[in-house]
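In what follows, a single structure is set out as structure tokens and then discussed.
Bear in mind that the values in this text are calculations on the coordinates, not laboratory data. Keep in mind it's a predicted model, so treat the numbers as computed, not measured. Virtual Cβ from ideal backbone geometry, glycine too; neighbours counted across all protein chains shown.
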Amino acid sequence: MTKFFLIALFANLQFSANAQFIESKYSQFKSANYSDSAFYLIKSCRQDFLGSGSIEKVSFYYSLLNSYLSDFKECSTADFKADKSKRCLHLAMYLTFLKLDFLPRTLDTRAQLKFTKGDFYGAIKDWQQAISYYPENDTTFDQKVYYYNLGICYNRLGQHKEACLSMSKSGELGYSEAYSFIREVCNH
């Protein structure tokens, strides 16, 4: 028992140290306006946080992504209007990449962890937020699956109308597995 507690304590301290290190490095890059360095820092630590299996670690990573978006969004807009430099084009690309890939997938990872722990309301909130990053009726694979997952969560909560609406949307976007659910649950 004591051995397990020490291992858990060490892992938590290690996460805190990593998080503090990453936050301090990020702050240095931000104050120097090094958007490239900040982006690569975020990109390089992505797998460590998303693959951790910890809601706390995934949430930390999500907050880091949001910091990047808010810290460099104004800078990129002002710079881009002033002159269409290579740096501004890179920054605009990073921001787009974060919005369409990193943020929704980070939310998806956190939603999956919440779903596994039985926090269906939390999972629904994260999947809805992930969907909000995509244009309406975007047929990307991720959005189809997020609607499908919403349907499963609503079904687990006994909210069958919402479950069927989510599955319908998933099917409309081209996710064929949604139709099996609709046949079994919604058409009865």
- Note on the structure: Computed from the beta carbon distance with a Förster radius of 45 Å, FRET efficiency for Tyr34 and His188 to the nearest 0.05 stands at 0.20
- Compactness summary of the range 96-141: radius of gyration and Dmax from Cα atoms, Å, are 10.8, 32
- FRET efficiency for Gln20 and Phe97 from the Cβ-Cβ distance with R0 = 30 Å, rounded to 0.05, comes out at 0.70
- Item | Distance (nanometres) between label positions extended 7 Å along Cα→Cβ at Asp138 and Leu69 | 1.1 nm
- Message: Highest mean first, how do 135-143, 47-55 rank when packing is the count of other Cβ atoms within 10 Å averaged over residues?
- Response: 47-55, 135-143
- Note on the structure: Expressed in nanometres to one decimal, the distance between label points 7 Å along Cα→Cβ at Ser176 and Glu162 is 3.0 nm
- What list do you get for Glu184, Glu177 if you sort them by fewest beta carbons within 10 Å? Glu184, Glu177
- Candidate cut points under trypsin sites (Lys or Arg not before Pro) in the range 88-134, DSSP loop plus at most 15 other Cβ atoms within 10 Å of their own Cβ, are Lys117
